[in-house]
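Heads up: the structure comes next, in structure tokens.
The values are calculated or read from the model by the stated rules, or taken from the named source; none is laboratory data. All values derive from a computational prediction rather than experimental measurement. Using ideal geometry, Cβ is built from the backbone for each residue, glycine included, and neighbour counts are taken over all protein chains shown. Remember, those area values only see protein heavy atoms, side chains included, never the ligands or the DNA or RNA. Shrake-Rupley method; radii C 1.70, N 1.55, O 1.52, S 1.80 Å.
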Amino acid sequence: MVGSREISIYIASHSEEHPKISVNALISNFQAIQNLMYVVCDHLEGHKPRAAGDFPKTVKDNCELEISELKQGSVDATVRLSHSQYGLPGVGGTFGERAISIAGTIVDIASSQDEIYSKVLGVLNNDEDRAVKSIEVVDNLWPEQDSIYDVNIGFGSAEKVKLDPQRKPIIKNAIIKPPKPIRKTVTGRLVELSVDKKRQFIIDTPEGKYTCKYPPELEGIVIKRIKQLVSVSGSTEEGQRTINIANEKEFKPLKNLPLTHIRFDESHVLSLRVPINLEVEFENDEYILYNDDFSLLVTCNDLKDGVDRINEEFKLLWFDYVEEDVNKLTEGGVQFREKLLSLPAEGI
């Protein structure tokens, strides 16, 4: 019987043309099992994830495997932990024994679950880098769909798990790390609304249009704010244009559109200490954006185009008053220059 310090591997060929096991197949399976042990033990020892480089000596000491039994014909082998094992009192075994148990759980998840990444992530206490790395190693261990080999592996005292080649595509897909949800806030005009089962609306913003999804309890409030300026906060994913609103606090009415920065070029963006509030009117399918304090006024078909034009108008004002020789300005021009210079969040 296989103990808690051992891993059993059985490899057989189902091909009449190639009934024997190739050395490459044997070595690659042994190496993948060893690598999985190293990844799990690296996690257990609390080391920070590394993009490259070798594993620490303590990881190798605690989780290095050695062949204890090898039967000929179809490969029926047992590997076990070396004798230099260490652990902490009261944690259920040495690092190596715990790594065998966790590695077995990961392989079992890969053999039977559809949500492989999330399950492995839970086993590894939300260690995202190790979860992805573990699945990559399991993918290297798993036979291809056209493989001539049957592979069965048992970790510790658990029953052997058959590595079904038909699971290979599911495992490969699990390697792709799901995008992290991020928080996003946009401001703009609520232009389209669906009150069917989708419960979503379109908001026209200076960044372009976003789709916003809202819970049923917000439907009455959303209906009241159609065609109005609003601020929307919620969860989204990197590069996506859908925002999920959770509650009323994340959906607020606005009186005007705040301009928070001015883009001079790709490498020079001026953040404003206090936003320039743009008044927004909508007439005859066109926006009118203006701010009387800085003599800004444009008409446009959407807010992205409008804010881009406001940005250009502001740049002209900056060049005409801030970049100009102060001695060439009138008294009113100097005052306007000081007003512009008070806007940046940091010194220029």
**Q.** Residues that are under 26 Å from T205 (Cα atoms) and of a type in the set (D, E, K, R), drawn from the range 309-345
**A.** R309, E312, E313, K315
Q. Any idea which residue in the range 47-69 is least open to solvent (accessible area, probe 1.4 Å), counting only those that are without any contact (Cβ under 8 Å) to a residue 12 or more places away in the chain and either of a type in the set (A, V, I, L, M, F, W, C) or assigned to a helix (DSSP H, G or I) (or both)?
A. A52
Q) Looking only at the range 310-323, which residues are without any contact (Cβ under 8 Å) to a residue 12 or more places away in the chain and of a type outside the set (A, V, I, L, M)? A) E312, F319, D320, E323
Q: Taking the residues in the range 300-340 that are part of a loop (DSSP other than H, G, I, E, B) and loosely packed, with under 15 Cβ neighbours inside 10 Å as candidates, determine which candidate is nearest to the chain's Cα centre (by Cα).
A: N301
Q: Pull up the range 238-260, narrow it to residues that are open to solvent by 80 Å² or more (accessible area, probe 1.4 Å) and out of contact with any helix residue (DSSP H, G or I) (no Cβ under 9 Å at 6 or more places or on another chain), then point me to the one that is farthest from E279 (Cα to Cα).
A: E238
Q. Pick from I176, I171, I106, I148: which is among the β-branched types (V, I, T) and closer than 20 Å to L65 by Cα?
A. I106
Q: Among what's in the range 4-15 and is open to solvent by less than 60 Å² (accessible area, probe 1.4 Å) and in contact with a Lys or Arg (Cβ under 8 Å, 6 or more places away or on another chain), pick the residue that is farthest from D129 (Cα to Cα).
A: S13
Q: Kindly indicate the residue of the range 104-132 that is touching a strand residue (DSSP E or B) at 6+ places or on another chain (Cβ under 7 Å) and under 18 Å from Q166 (Cα atoms) and also most open to solvent (accessible area, probe 1.4 Å) among those meeting that condition.
A: D108
Q) For K227, are the conditions met, namely being closer than 14 Å to L190 by Cα and more than 31 Å from the chain's Cα centre (by Cα)? A) yes
Q: Could you please find all residues in the range 223-251 being more than 28 Å from D308 (Cβ to Cβ) and either of a type in the set (A, V, I, L, M) or in a loop (DSSP other than H, G, I, E, B) (or both)?
A: I223, A246, N247
Q) Which one of the conditions (1) in contact (Cβ under 8 Å) with a residue 24 or more places away in the chain; (2) within 30 Å of the chain's Cα centre (by Cα); (3) open to solvent by 70 Å² or more (accessible area, probe 1.4 Å) does K198 fail to meet, given that it meets all the rest? A) (1)
Q: Give the residue, chosen from E159, E207, that is of a type in the set (D, E), touching a Leu at 6+ places or on another chain (Cβ under 9 Å) and modelled with pLDDT under 95.
A: E207
Q) Going through the range 2-33 one residue at a time, which ones are under 24 Å from G122 (Cβ atoms) and of a type in the set (S, T, N, Q)? A) S4
Q: Please specify each residue of the range 252-287 satisfying the condition of being part of a loop (DSSP other than H, G, I, E, B), touching a Leu at 6+ places or on another chain (Cβ under 9 Å) and without any contact (Cβ under 8 Å) to a residue 40 or more places away in the chain.
A: K255, N256
Q) Of the residues that make up the range 288-299, is at least one open to solvent by less than 60 Å² (accessible area, probe 1.4 Å) and either in a helix (DSSP H, G or I) or of a type in the set (D, E, K, R) (or both)? A) yes
Q.
Return the residues of the range 16-46 that are among the β-branched types (V, I, T), open to solvent by less than 80 Å² (accessible area, probe 1.4 Å) and farther than 18 Å from E6 by Cα; say none if nothing qualifies.
A. I21
